[in-house]
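Notes follow the structure.
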Protein chains: 2
Amino acid sequence: MTDANLKKELDYIFKPRSVAVIGASTKRGAIGRELLRNIIDYEFNGKVFPINPKAEYIQSMKAYPSITDVPDDVDMAVVIVPKEHVLQVVEECGQKGVKGLVVISAGFREVGGEGVERENKLVEIIQKYGMRLIGPNCMGILTGIPEVRLHASFGPADPLPGSTAFMSQSGALGIAIFNLTKQLNIGFSYFASVGNKADISGNDLMEYWEDDEHTQVIALYLESFGEPRVFTGLAKRISKKKPVIVVKSGRTEAGSRAASSHTGALAAPDVAIEALLKQTGVIRATTIEEMLDVILALTKCPIPNGNRVAILTNGGGPAIMATDACVSFGLKMAQISVETWDKLAAIVPAEASLVNPIDMIASATADTYSKCLSLLLADDNVDMVIVGFTPPVMVKPMDIALAITEVKRRYSKPVVGFFMAEETFFDEFPKMVPDCPPIYRFPEAAAHVCAEMYRYHVAKVRPEGEVRTFEVDKDAVQKILDERIKAGGGYLEQVDAFKVLKAYGFPVCKAQVVRELDELHDAGEEVGYPLVLKMAGRQIIHKSDIGGVVLDIQDEKELVWALVEMKRKLAEAGLEDKVDKFLIQEMSQPGKEVILGMSLDPKFGPLLLVGTGGKYVEVLKDVELGVTPLTDIDAKEMVQSIRGYALLKGVRGEPPVCIDVLIECLQRLAQLVTDFHEIQEMDINPMILSPSKEDCRVVDVRIRV
Amino acid sequence: MTDANLKKELDYIFKPRSVAVIGASTKRGAIGRELLRNIIDYEFNGKVFPINPKAEYIQSMKAYPSITDVPDDVDMAVVIVPKEHVLQVVEECGQKGVKGLVVISAGFREVGGEGVERENKLVEIIQKYGMRLIGPNCMGILTGIPEVRLHASFGPADPLPGSTAFMSQSGALGIAIFNLTKQLNIGFSYFASVGNKADISGNDLMEYWEDDEHTQVIALYLESFGEPRVFTGLAKRISKKKPVIVVKSGRTEAGSRAASSHTGALAAPDVAIEALLKQTGVIRATTIEEMLDVILALTKCPIPNGNRVAILTNGGGPAIMATDACVSFGLKMAQISVETWDKLAAIVPAEASLVNPIDMIASATADTYSKCLSLLLADDNVDMVIVGFTPPVMVKPMDIALAITEVKRRYSKPVVGFFMAEETFFDEFPKMVPDCPPIYRFPEAAAHVCAEMYRYHVAKVRPEGEVRTFEVDKDAVQKILDERIKAGGGYLEQVDAFKVLKAYGFPVCKAQVVRELDELHDAGEEVGYPLVLKMAGRQIIHKSDIGGVVLDIQDEKELVWALVEMKRKLAEAGLEDKVDKFLIQEMSQPGKEVILGMSLDPKFGPLLLVGTGGKYVEVLKDVELGVTPLTDIDAKEMVQSIRGYALLKGVRGEPPVCIDVLIECLQRLAQLVTDFHEIQEMDINPMILSPSKEDCRVVDVRIRV
């Protein structure tokens, strides 16, 4: 639930009773003038005070030289003065008792150097007075709800009110969003351009909008994550209540370089973000266009209960294209019931095609559309309907749109349209019929939003799962890690790494460390034949590349010989000083190689990895990532997402291997790296999964602290 | 070059001096009336004769009861009469000496049954009189070139003239295309809705447009391929002259089921089409939206010479999004030269970001855009420029658009815009400035068209390559195949399959067939130890699943034992009658397993396959397909496209395997299956590639005839 304090504080910004515009200008075209005009033109329900030491009035309103001269209380101030004056006017705001600030002015952290210092001072001042701040370096805010109607931004004049709360980390994009949403008839409950996020972050806004009754959909344009772990928790919670949709730019390396230079925030690697968003139930859009399409659908449609789509069109080509798109987005083509089929057949001409996609052919009228759509929506085998229309000579798009609007009002399943019609239709129709279904220009957009609505349904009903806590020997691990850190950190000795895993309940191979030939007899007896001999130095990373692994040693004679050979190879490679220890390990049962791993991200915390293991991990790249906290459901879904999952389940007559062991080990790994943030990096590769649970073994592991 | 006869014949349809509209109607809204109106409103440069037995005049024009009553010569007739009358009026057209027909009427092959018969008769009649035919069951045609201006379709009234020749297999889609191209300001040299393609096909039209001076881009919307092999040859040739862009719908299985029921044409599998289009240099678009975006770019821009893109914007967010999109479409971010950098720095404020993407920040004016764009276009490190604009308060999109148009006129590199502006800009600008650059609404569209233009450049300069012909023993293969076919076809005996490969120069393992224990001594000596024993029956497909392969047999004792064991296993499985032959094969050197294969498609001919081989082929699905004729370049590119290519090149210190052997074998395979269409299916799996050319071996093969 939204924190009550946060709500009160942000209400001062988004629902103020009075607003001061500090830096309001007399010059047309200046931001200080356009922003004031936006407030007035949008008919803010409250008082506005322009502040400008040089003007007596601005846009017919009395201007005050300083905020301290304003005779009334001021809840919120918008600051548009040159950067040099920001700290002073903000100080005055504090003295005046202003509760919230929106600082448009730029010249702070984003320019580096003295800008960083200026931002730090700004934060000090607002903390001193208990004010909250949006910005600096932002485009402003908007509240669309009728009792408020505050447009305090320098974006285009007349954004539509509605039920979408939008946060943008880019000002330029905010302007674009205002233009684009108007074309699509998407309206805002709130909009905020957050700029440098010196105080109020995207996370704060998400929480503020969590229980807001005016907000149906929360949309975020992000260039960086400030607090990804806070985001994870919040997004998981809020996604269950209302859809949260995110565009995270800087997806590619070059893009994130641009993102870094732009906002001064270190962009986190995209894989981590992808993993995080997947676990939170957030809808990720790749582009703004996709995001707006999905927002339109989410605000116009009920959430579907399944993924079975019926397609209804008046032309074969568009029907095929819609089908292609649905299938490629993972939707299912609904199997229409026989009863529905019979009833449809009575309505459409014989030339029509009644195998979903349903092509009523070009003679279909508004009445045909209306009757067929009703039948499809009433069919229990149909979860949603895509209605396509290509205007032939005598049928007008508007008539069809009105007909399907009337039908969809009577059903609680999503109806999504694509009309390949003239632009004028799109200009007029949504304005005329506010509760119309979402209608797109192309079949692919319609299919895409259906797929995303379904995915949101899946995320919403997905069980939360639980973060399992296994009984482990924490002290043993702490001791090993402490010793290594005292010795300067780096990779653990192989034998210690195995001990760490053992303490956390991983099934590790039986093993013994040896240095010299005379230790082989006892060690061999202890481990048992057949066995494996490996180099065990901390330095050697890819042992098999330099012949540091000998498999399937049958007896002591072979073992002695293998060690002699290995030492000779080391000497030849000039590595005898680096490797003075060797590991004797039981031979594992045949099975499938998997990898488990972790890499500690400074921002995201431990990134967990599971995938197809073995020598070619880097080439195959068949891995799935996850973040902590990791539930049992998360772990299971990660394992099921790797391409090699089919191999684990058994193909070509092979028995399945014990996948549960892998899922459990992934959770044990999550517990280990959550308990010990000293661990920087881990690779368990390979772990060998066998058909029998008892035979699964971790064969090799590296741990860096 | 366009066939002269074809040109003459199609000129009668697309550039007639006189047109009869048979079935012209007095009823407003009827197709026969709307089509006539379209001809007149579009101001056709020629004579039009409405034909209607019941009307004296239609739309102020004298009507004739029958075409034979028309006093003048008639080059082309559009037929819109009910299906029952089509054959009769077409017969009359023949008598009259009409040269070309466009039959709009439906009720032919697409409805099955008597429709098929009607279509066959229709073809008979036109052949009798030497007429050519577009349709039946189509939406009509359009010629946009000024000397003709013939709009003989029932689509929306006023399609723009221009330089795109468009063929649509769907009428409904044609209507959509007319609406959409108008919004985007794309104009037509020709448009044809081909319907059932009873006579004139997409291939004919492509050839007709090949050397047409009015046509800059050829665009095809296909639901099925009539003659894919003719298409391949034509498309390869024409792609070198002008871009050919294709949307093939029915990509997914469900989509192609819909395609089949729609046009009655058996849709070919999408993988084959993908392979075919790749080898022809045709641009494939997934959606109509993508296709139109690319057409706009191709008609407005020169083809780029490389893939280094500079991005120029006035906002960080859009810059990042454009960068993400460029990189994910495979473009390179240009490294601006130091000189350009210095000059840019002198123009933009200090807050601007000059590491490509270049963000001039919101203060950028038309002049800033103009100067910076000039500098980027003049930089030798830049192949094309994407210009992004998000309108801040005081800068108008129109001014920026005019400025960049003026600059791009002076350079021969592509300039592509994305303006996140209000809709009115898009309505007005392209009409005002006909030679404007293509400007999109979103950064992703701009990046996408740049990527496709670059891909077209690559296809255009790609060497043709040659289809190699190896010296082979054709007779030997013919004999083996004939014998098998005489025996009822099916799989070849393993030993025969090996002989086939040997005759075509594949490096096959040394092998001997044995049946009984007493043959083992000689066979073992002949092949040499170590060796492999395999079941060799025609029935056994996945030998390793039932223990039918024993590897690494060291001597005769082991070999005897292995055969005894194998026979016992067969007896246990009740298979002893089916397998009476065994293969003794030399043990191959260690290496990487690859697969080569072929499957004969009734329409596409032999589909060749190469990929990562071994036991898990079906699970890994790492294969690439190709069609014949296969050039050396095609073969090389196929091999380089498989994911496992990196493994073949050697990773983790392993030496590369001899990839040339694989490329050559792929070409030998192409020759084999081109020589022998008896071969239905082939799997060479695994072939083992070793670092040394001499050690590469085909280990197993199956051939079905």
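Take the Cα radius of gyration of the stretch B:631-705 and divide it by 2.2 N^0.38 Å, with N its residue count; two decimals is plenty. Working shown, then result.
Values: Rg = 13.5 Å, N = 75, 2.2 N^0.38 = 11.3 Å.
Cα-based Rg divided by the globular estimate yields 1.19.
List the residues, sorted by chain then number, that are 5 or more residues from residue B:195 or on another chain and whose placed amide H is less than 5 Å from its amide H.
For residue B:195, whose amide H was placed from the backbone, the distant partners under 5 Å are B:139.
How many percent of Cα pairs in the stretch B:266-392 exceed 19 Å? Mind dumping the intermediate values first?
On the way: 4495 of 8001 pairs.
Within the stretch B:266-392, distances greater than 19 Å cover 56 percent of Cα pairs.
Taking a label point 7 Å out from Cα toward Cβ, give me the nm distances from residue B:614 to the same spot in the other copies, shortest first, one decimal.
Ordered by distance, the counterparts are at 0.4 nm.
In whole Å, how far is the Cα centre of the stretch B:78-149 from that of the stretch B:412-455?
40 Å
What distance in nm separates the simple spin-label points at residue B:183 and residue B:351, each placed 7 Å from Cα in the Cβ direction?
Label-label distance for residue B:183 and residue B:351, simple model: 3.6 nm.
What is the order of B:237, B:652, A:109, fewest Cβ neighbours within 10 Å to most?
B:652, B:237, A:109
For the residues B:341, A:209, B:561, what sequence is obtained by ranking on other C-beta atoms within 10 Å, fewest first? It would help to have the intermediate numbers written out before the result.
Details: B:341 16, A:209 27, B:561 12.
Least crowded to most crowded, the residues run B:561, B:341, A:209.
Relative contact order for the stretch B:309-461 using alpha-carbon pairs under 8 Å, separation at least 6, rounded to a whole percent? Don't skip to the end; give the middle numbers.
Working: 252 pairs, mean separation 41.8, N = 153.
Across the stretch B:309-461, relative contact order equals 27 percent.
Can you list the copy-to-copy distances for residue A:347, using a point 7 angstrom from Cα toward Cβ, in nanometres, shortest first?
5.9
What fraction of the Cα pairs in chain B, stated in percent, has a spacing above 41 angstrom? Intermediate results must be reported in sequence, preceding the final value.
Numbers: 115826 of 248160 pairs.
Percentage above 41 Å: 47.
If the viscosity is 1.567 mPa s and the temperature 4 °C, what Stokes-Einstein diffusion coefficient in µm²/s follows for the stretch A:510-587 when Rh is the Kirkwood radius over Cα pairs? It would help to have the intermediate numbers written out before the result.
On the way: Rh = 12.2 Å.
Calculated translational D: 106 µm²/s.
What pairs in A:300/A:636; B:479/B:621; B:7/B:96 have C-alpha atoms more than 26 Å from each other? Let's see the in-between values first.
On the way: A:300/A:636 34 Å; B:479/B:621 34 Å; B:7/B:96 22 Å.
In this structure, A:300/A:636; B:479/B:621 exceed 26 Å between Cα atoms.
Considering every residue in B:147-160, what mean count of other chain Cβ atoms within 10 Å of its Cβ is obtained? Provide the component values of the computation, followed by the final result.
Numbers: counts 0, 0, 0, 0, 0, 0, 0, 4, 4, 5, 1, 0, 0, 0.
Average per residue, whole number: 1.
Could you tell me the calculated FRET efficiency between residue B:640 and residue A:692, based on Cβ-Cβ distance and R0 = 45 angstrom, to the nearest 0.05?
Working: r = 42 Å, r/R0 = 0.93.
Approximately 0.60, to the nearest 0.05.
With unit charges on the beta carbon (Lys/Arg positive, Asp/Glu negative), name the residue among A:167, A:36, A:387 whose Cα is farthest towards the positive pole of the charge dipole of chain A.
A:36
Distance between Cα centroids, the stretch A:186-218 to the stretch A:332-395: provide it in whole Å.
41 Å
Which distances, shortest first and in nm, link residue B:286 to the matching position in the other copies, using label points set 7 Å out along Cα to C-beta?
So the label point of residue B:286 gives 0.5 nm to the other copies.
Only loop residues by DSSP count here, and only those with at most 14 other Cβ atoms within 10 Å; note down the trypsin sites (Lys or Arg not before Pro) in the stretch A:321-411 that meet that.
Numbers: sites: A:332, A:343, A:371, A:408, A:409, A:410; in loops: A:409, A:410.
The qualifying sites are A:409, A:410.
Using a cut-off of under 17 Å, list every residue of the stretch B:391-434 whose amide N is near the label point 7 Å from the Cα of residue A:158 along the Cα-to-beta-carbon line.
Residues B:422-425 fall inside that zone.
Using +1 on the beta carbon of Lys and Arg, -1 on that of Asp and Glu, and nothing else charged, what's the dipole of the protein assembly as shown about the Cα centre, debye to 20?
Details: 158 positive and 196 negative charges, 655 e Å.
With Lys and Arg at +1 and Asp and Glu at -1, about 3140 debye.
Restricting to bridges with both residues inside the stretch B:309-461, how much of the DSSP beta-bridge set is antiparallel, in percent to the nearest 5?
Numbers: 1 of 15 bridges.
Just about 5 percent of them are antiparallel.
Translational D (Stokes-Einstein, µm²/s) of the stretch B:431-519 at 10 °C and 1.306 mPa s when Rh comes from the Kirkwood sum over C-alpha pairs?
On the way: Rh = 19.3 Å.
So the translational diffusion coefficient is about 82 µm²/s.
Starting from the exponent 0.38 and prefactor 2.2 Å, build the expected Rg for the stretch A:306-461 from its residue count and divide its actual Cα Rg by it. Each step should come with its number before you reach the end.
Details: Rg = 14.2 Å, N = 156, 2.2 N^0.38 = 15.0 Å.
Normalised Rg, Cα atoms only: 0.95.
Relative contact order (percent) for the stretch B:4-297, with alpha-carbon contacts under 8 angstrom and 6 or more residues of separation? Intermediate results must be reported in sequence, preceding the final value.
Details: 626 pairs, mean separation 41.9, N = 294.
Taking the mean separation of contacting Cα pairs over the length of the stretch B:4-297, I get 14 percent.
Which GluC sites (Glu not before Pro) does the stretch B:196-231 hold that lie in a coil by DSSP with at most 10 other beta carbons within 10 Å? Show your work: numbers first, answer last.
Details: sites: B:207, B:210, B:213, B:223; in loops: B:213, B:223.
When the GluC sites (Glu not before Pro) of the stretch B:196-231 are filtered for loop state and at most 10 Cβ neighbours within 10 Å, B:213 remain.
Restricting things to Cα coordinates, could you compute the convex hull volume per residue of the stretch B:471-627 in Å³?
Values: hull volume 23.8 nm³, N = 157.
Output value, Cα hull per residue: 152 Å³.
Per the Kirkwood definition applied to all pairs of different Cα atoms, how many angstroms is the hydrodynamic radius of the stretch A:1-65?
Numbers: mean 1/r = 0.0782 Å⁻¹.
Hydrodynamic radius (Kirkwood, Cα pairs) of the stretch A:1-65 is 12.8 Å.
Residue A:95 to residue B:213: FRET efficiency via 1/(1 + (r/R0)^6), r the Cβ-Cβ distance, R0 60 Å, to the nearest 0.05? Can you show the working numbers first?
Numbers: r = 77 Å, r/R0 = 1.28.
Here the calculated transfer efficiency is 0.20.
Ignoring everything except DSSP H segments at least 4 long, calculate the 222 nm mean residue ellipticity for chain B; use -39,500 (n - 2.57) per segment, divide by total residues, nearest 500.
On the way: 24 runs with 282 residues, N = 705.
Theoretical 222 nm ellipticity from helices: -12500 deg cm²/dmol.
Just the number, please: percent antiparallel of the DSSP beta bridges in chain B, rounded to the nearest 5.
Working: 50 of 102 bridges.
Percentage antiparallel, nearest 5: 50.
Choose one of A:604, B:292, B:608: the residue whose Cα lies farthest towards the positive end of the charge dipole of the protein assembly as shown (beta-carbon charges +1 Lys, Arg; -1 Asp, Glu; about the Cα centre).
The one lying farthest along the dipole's positive direction is B:292.
How about the stretch B:36-72: which trypsin sites (Lys or Arg not before Pro) there are in a DSSP loop, with at most 13 other Cβ atoms within 10 Å of their Cβ?
Answer in residue order: B:54.
Can you sort B:175, A:663, A:31 from fewest to most other Cβ atoms within 10 Å of each residue's own Cβ?
The order, fewest Cβ neighbours first, is A:663, A:31, B:175.
Please report the antiparallel percentage of the DSSP beta bridges confined to the protein assembly as shown, to the nearest 5. Provide the component values of the computation, followed by the final result.
Working: 100 of 204 bridges.
Among the beta bridges of the protein assembly as shown, antiparallel pairing accounts for roughly 50 percent.
In debye to the nearest 20, how big a dipole does the stretch B:314-467 give about its Cα centre with +1 on each Lys and Arg Cβ and -1 on each Asp and Glu Cβ?
Numbers: 13 positive and 20 negative charges, 48 e Å.
Taking the Cα centre of the stretch B:314-467 as origin, the dipole is about 220 debye.
Taking Cα atoms of the protein assembly as shown, Rg/Rh with Kirkwood Rh, to two decimals?
On the way: Rg = 36.1 Å, Rh = 36.0 Å.
Reported Rg/Rh (Cα atoms, Kirkwood Rh): 1.00.
With respect to the symmetry axis carrying chain A onto chain B, which residue of chain A exhibits the smallest Cβ distance to that axis, and what is the value in whole Å?
Nearest Cβ to the rotation axis, residue and whole-Å distance: A:423, 4.
Just want the answer: with Cβ charges of +1 for Lys and Arg and -1 for Asp and Glu, which residue in A:530, A:563, A:575 is farthest toward the dipole's positive end in the stretch A:510-587?
Farthest along the dipole direction, towards plus: A:575.
Take every Cα pair under 8 Å in chain B that's 6+ residues apart, average their separations, divide by the length, and report that relative contact order as a whole percent.
Details: 1449 pairs, mean separation 58.1, N = 705.
Normalised by residue count, the contact order of chain B is 8 percent.
Would you mind computing Rg(Cα) / (2.2 N^0.38 Å) for the stretch A:551-655, counting N as its residues? Could you put the intermediate results ahead of the total?
Numbers: Rg = 19.2 Å, N = 105, 2.2 N^0.38 = 12.9 Å.
In units of the globular-protein estimate, the stretch A:551-655 measures up at 1.49.
Among the lysines, select those whose C-alpha is under 28 Å from the C-alpha of residue B:567, and discard any that sit fewer than 8 residues away in the same chain.
B:499, B:510, B:534, B:543, B:557, B:578, B:581, B:615
What is the magnitude of the charge dipole of chain B about its Cα centre, with +1 placed on the Cβ of each Lys and Arg, -1 on the Cβ of each Asp and Glu, and no other charges, expressed in debye to the nearest 20? Let's see the in-between values first.
Details: 79 positive and 98 negative charges, 331 e Å.
Its charge dipole is roughly 1580 debye.
Taking 56 Å as R0, compute the FRET efficiency from the Cβ-Cβ separation of residue B:41 and residue A:60 and round it to 0.05. It would help to have the intermediate numbers written out before the result.
Details: r = 52 Å, r/R0 = 0.94.
The formula returns an efficiency of 0.60 here.
FYI, it's all coordinate maths here, none of it is from the lab. Worth saying up front: this structure is predicted, and the values here are computed from it rather than measured. Virtual Cβ from ideal backbone geometry, glycine too; neighbours counted across all protein chains shown.
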